[in-house]
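Undergrad: Structure incoming, see below.
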Amino acid sequence: MKNAAQKGFTLIELMIVVAIIGILAAVALPAYQDYTVRAKMSEVVLAASACRTSVSEGYQSRYGTSLPLAGAWGCESSTPTTQFVSKVQTASDGSINVTVNTSKLPQVSGSVILVPTPNATNDSVTSWDCGPSADTLSKYLPATCRSTATATKATNLSWAP
């Protein structure tokens, strides 16, 4: 008599496949969630670009003999500018504070701070320091914007909308 060929999968084989898929999903889901928050945080950093341009131009033209006061750089907003940004503020030295809208990004609280570094003669901005105002925010920011020293520089500034 001929042996009948096995048709289909056994229960144990199916259970092993389901277990492997479960393990992969448990690892991939948190990584995917972090990735989506990081993508949204790039929009928060991008919201400061208009102010970066205003501040850079302000240093170059010096608006006469001195820099504008806090909140007078012409790029501030006390209302949401995008769905992930609740407000944009500036300080008298041109530092920019972009506050995250926590109703749209509940995983993140705080703000992104950008501080200009003027050259020796104070007539242009040579670079920007970028950093989070809270430690919980830093893991979601781009690698170039994770400096906690930036927030320390900006702690004594007066932010005005």
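Undergrad: So how many residues does region 84-124 have that are hydrophobic (A, V, I, L, M, F, W, C), surrounded by fewer than 19 Cβ atoms within 10 Å (Cβ to Cβ) and touching a strand residue (DSSP E or B) at 6+ places or on another chain (Cβ under 8 Å)?
TA: Of the residues in that region, 0 qualify.
Undergrad: Sticking with this one: Can you find even one residue in region 56-68 that is of a type in the set (A, V, I, L, M), surrounded by 13 or more Cβ atoms within 10 Å (Cβ to Cβ), over 30 Å from ASP34 (Cα atoms) and in contact with a Ser or Thr (Cβ under 8 Å, 6 or more places away or on another chain)?
TA: Yes.
Undergrad: Still on this structure, I have one more. Looking only at region 96-108, decide whether some residue is more than 22 Å from PRO132 (Cβ to Cβ), over 15 Å from the mean Cα position of the chain (by Cα) and not in a helix (DSSP H, G or I).
TA: No; the residues of region 96-108 include none that is more than 22 Å from PRO132 (Cβ to Cβ), over 15 Å from the mean Cα position of the chain (by Cα) and not in a helix (DSSP H, G or I).
Undergrad: Mind checking whether some residue in region 103-110 is aliphatic (A, V, I, L, M) and closer than 15 Å to GLU43 by Cβ?
TA: Yes.
Undergrad: Which of the following residues is among the hydroxyl-bearing types (Ser, Thr, Tyr) and at pLDDT below 90: THR155, THR90?
TA: THR155
Undergrad: I need the full set of residues from region 25-70 which are in contact with a Phe, Trp or Tyr (Cβ under 8 Å, 6 or more places away or on another chain), at pLDDT below 90 and farther than 24 Å from SER138 by Cβ, in order please.
TA: GLY58, LEU67, ALA70
Undergrad: Follow-up question, since we're still on this one. Being more than 22 Å from SER86 (Cβ to Cβ), among the aliphatic types (A, V, I, L, M) and assigned to a loop (DSSP other than H, G, I, E, B) is the filter here, so list the residues in region 27-68 that pass it.
TA: Listed by number, the list holds a single entry, LEU67.
Undergrad: Follow-up question, since we're still on this one. So for region 4-23 (the condition being out of contact with any helix residue (DSSP H, G or I) (no Cβ under 9 Å at 6 or more places or on another chain), in contact (Cβ under 8 Å) with a residue 60 or more places away in the chain and either over 18 Å from GLY131 (Cα atoms) or part of a loop (DSSP other than H, G, I, E, B) (or both)), does at least one residue qualify?
TA: Narrowing region 4-23 to residues out of contact with any helix residue (DSSP H, G or I) (no Cβ under 9 Å at 6 or more places or on another chain): 4-8, 10-23.
After this cut, where a residue has to be in contact (Cβ under 8 Å) with a residue 60 or more places away in the chain as well, the list is none.
Within region 4-23, none of the residues are out of contact with any helix residue (DSSP H, G or I) (no Cβ under 9 Å at 6 or more places or on another chain), in contact (Cβ under 8 Å) with a residue 60 or more places away in the chain and either over 18 Å from GLY131 (Cα atoms) or part of a loop (DSSP other than H, G, I, E, B) (or both).
The values are calculated or read from the model by the stated rules, or taken from the named source; none is laboratory data. What you see is a predicted model; the values in this text were computed from it and never measured. Note: ideal-geometry Cβ built from the backbone for every residue, glycine included; neighbour counts use all protein chains shown.
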